[in-house]
Amino acid sequence: MRKIAIAATGLASIIAVALFVWVGGATTPGRAGEGARELWVTSQGTDALYVFRFPQMERLARIALPAGAQPHITTFHRGRYAYVGGMGDGTLYVLDADARQVVKTLKVAPGGAHQVRVSPDGRTAIVAAVGNRTLTRLAVDESRGTWAATGTLSLDELQKAPVCTVFGQDGQRAYVSLFPDGLAVVDVSSMTLLGMLATDGFVACGMIRSADGSHAVVASSGSGGHIYTLDLEHGTLVDRGTLGAADWHSFNMTPDERLGIGTSPHSDEIVLIDLITNPVRKLGTLALTALPGLSANQPDALGGGEPIQGGMLPVSLRAAGQVAVVDLRNMSGRTYTPVVAPLGPFNLMTCMNCAVHGVTVRP
């Protein structure tokens, strides 16, 4: 692995304090070996998934999906099965994560199956399909290995496409980010739209649940990053301030909710956020310089929608076909791992040339 140069701007001393005040959990032994876990990476442009030992980034497997699948995001519930949305073919792929084999496919849209999210109790899942503006509810039984579509909800009346989902603790209410803005509030049992919460721009998958499941910290793209707290029981959204970053896409945070991190794709930066102050404030940025021969990296996703564990953060570099590994406890360097060769200019609207998008640590 090679080093990516770091540039820290802004309040350097405060950044250091914010990073080291947080004491992340140690990396725990996992299926990939002592002191390691698995990182699942989607290569949308090559219809494949890659599995790495994490954080060492030793490649363990390449899983080929059907041509045209364009896998976008991988999510897990407890770790036995991986859930992958096919942006190209509108298909949900369920994989046995140990065998690394597809065990179930469900066609949910002509195209644009973006994200699958399983409820906290593991009994229900929501598939968000941007291709036909539809949510599909699944009955899930991982112990029996069964998945079945049990209902749909069209969001055509909103003229907005569903992107990603976060559930309330009991799984009866879902909050779905919309493109180009807003959150849809959905009653899961009846698959009806209860209402919509306004946001300053596009939330994407920047909705991270708290440890107790009572709320989620939400980040939208407006104003260079706009932070909210979403009460998952009552469906209220509290404004926590803006950041003024150059650009905005994804969001994650440490489990104690002290440090937030966002990506600024078009400035090739990671944005560091103090989540304790009110309003929140931008601590500074860490630059991921473009790799040789490339004009940009475009950092995109920050993990698979779960808080950062052990201080190690995977970052997809969608224009470069790479994964960067950021050690939040050591700001002296970055490593990156090649996944696929760069596939040409990135097209945000069609994503036909996305090289790498989803980066998810397996529980």
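The values are calculated or read from the model by the stated rules, or taken from the named source; none is laboratory data. Please read all numbers here as calculations on a predicted model, not as lab measurements. Every residue, glycine among them, receives a Cβ derived from its backbone with ideal geometry; neighbour counts consider all protein chains shown.
If I go through the stretch 244-259 residue by residue, how many of them are free of Cβ contacts under 8 Å to residues at least 60 places away in the same chain, surrounded by 17 or more Cβ atoms within 10 Å (Cβ to Cβ) and under 21 Å from Arg318 (Cα atoms)? Before the answer, list the steps.
First, the residues of the stretch 244-259 that are free of Cβ contacts under 8 Å to residues at least 60 places away in the same chain: 244-251, 253, 257.
Narrowing further to those that are surrounded by 17 or more Cβ atoms within 10 Å (Cβ to Cβ): 245, 247-251, 253, 257.
Checking the rest, the ones that are also under 21 Å from Arg318 (Cα atoms) come to 245, 247-251, 253.
The number of residues fulfilling the criteria is 7.
What's the total number of residues in the stretch 219-230 that are assigned to a loop (DSSP other than H, G, I, E, B) and either at positive phi or surrounded by fewer than 18 Cβ atoms within 10 Å (Cβ to Cβ) (or both)? Write out each step before concluding.
Filtering the stretch 219-230 down to residues assigned to a loop (DSSP other than H, G, I, E, B) leaves 221, 225.
When the remaining residues are screened for being either at positive phi or surrounded by fewer than 18 Cβ atoms within 10 Å (Cβ to Cβ) (or both), the result is 225.
Result for the stretch 219-230: 1.
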From the option list Ala128, Ala109, single residue qualifying as in a strand (DSSP E or B) and either among the basic types (Lys, Arg) or touching a residue at least 24 places away in the same chain (Cβ under 8 Å) (or both) is Ala128
Condition set out of contact with any Leu (no Cβ under 6 Å at 6 or more places or on another chain) and in contact (Cβ under 8 Å) with a residue 60 or more places away in the chain, scope the stretch 169-183, selection surrounded by the most Cβ atoms within 10 Å (Cβ to Cβ): answer is Arg173
Per the filter on the stretch 267-287, residues under 18 Å from Ser316 (Cβ atoms), assigned to a strand (DSSP E or B) and either in contact with a His (Cβ under 6 Å, 6 or more places away or on another chain) or acidic (Asp, Glu) (or both) are Glu269
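Answer yes or no as to whether Pro363 is at pLDDT 90 or above, out of contact with any helix residue (DSSP H, G or I) (no Cβ under 8 Å at 6 or more places or on another chain) and buried (at least 18 other Cβ atoms within 10 Å of the Cβ). If you could, list the steps in order and put the result at the bottom.
Numbers: at pLDDT 90 or above: yes; out of contact with any helix residue (DSSP H, G or I) (no Cβ under 8 Å at 6 or more places or on another chain): yes; buried (at least 18 other Cβ atoms within 10 Å of the Cβ): no.
No; evaluated as a whole, the condition is false for this residue.
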Next on the checklist: It is to be established whether one or more residues within the stretch 295-306 are of a type in the set (Ser, Thr, Tyr) and crowded, with 22+ Cβ neighbours inside 10 Å.
Outcome noted: no
**Asked** Does Val84 satisfy being of a type in the set (Val, Ile, Thr), in contact with a Pro (Cβ under 9 Å, 6 or more places away or on another chain), under 24 Å from Gln322 (Cβ atoms) and touching a residue at least 40 places away in the same chain (Cβ under 8 Å)?
**Response** yes
Of the listed residues (Ala139, Ala149, Ala184, Ala216), the one being closer than 22 Å to Asn278 by Cβ and either hydrophobic (A, V, I, L, M, F, W, C) or not in a helix (DSSP H, G or I) (or both) is Ala216
When Val166 is run through (1) touching a residue at least 60 places away in the same chain (Cβ under 8 Å); (2) aliphatic (A, V, I, L, M); (3) more than 22 Å from His72 (Cβ to Cβ), the failure sits at (3)
With respect to Val218, is the statement that it is modelled with pLDDT of 95 or more, in contact with a Phe, Trp or Tyr (Cβ under 6 Å, 6 or more places away or on another chain) and not charged (D, E, K, R) true? yes
Only unsatisfied item for Val102, checking (1) over 18 Å from the mean Cα position of the chain (by Cα); (2) within 25 Å of Phe179 (Cβ to Cβ); (3) not in a loop (DSSP other than H, G, I, E, B), is (2)
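Report, by residue number, each residue of the stretch 304-317 that is modelled with pLDDT of 85 or more and within 28 Å of Ser119 (Cα to Cα). Before the answer, list the steps.
The first filter runs over the stretch 304-317 and keeps only residues modelled with pLDDT of 85 or more, leaving 306-317.
The answer is Glu306, Pro307, Ile308, Gln309, Gly310, Gly311, Met312, Leu313, Pro314, Val315, Ser316.
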Among Gly244, Gly224, the single one that is within 20 Å of Val280 (Cα to Cα), touching a helix residue (DSSP H, G or I) at 6+ places or on another chain (Cβ under 6 Å) and at pLDDT 95 or above is Gly244
Determine if the stretch 260-269 includes at least one residue that is closer than 21 Å to Gln309 by Cβ, touching a strand residue (DSSP E or B) at 6+ places or on another chain (Cβ under 9 Å) and charged (D, E, K, R).
-> no
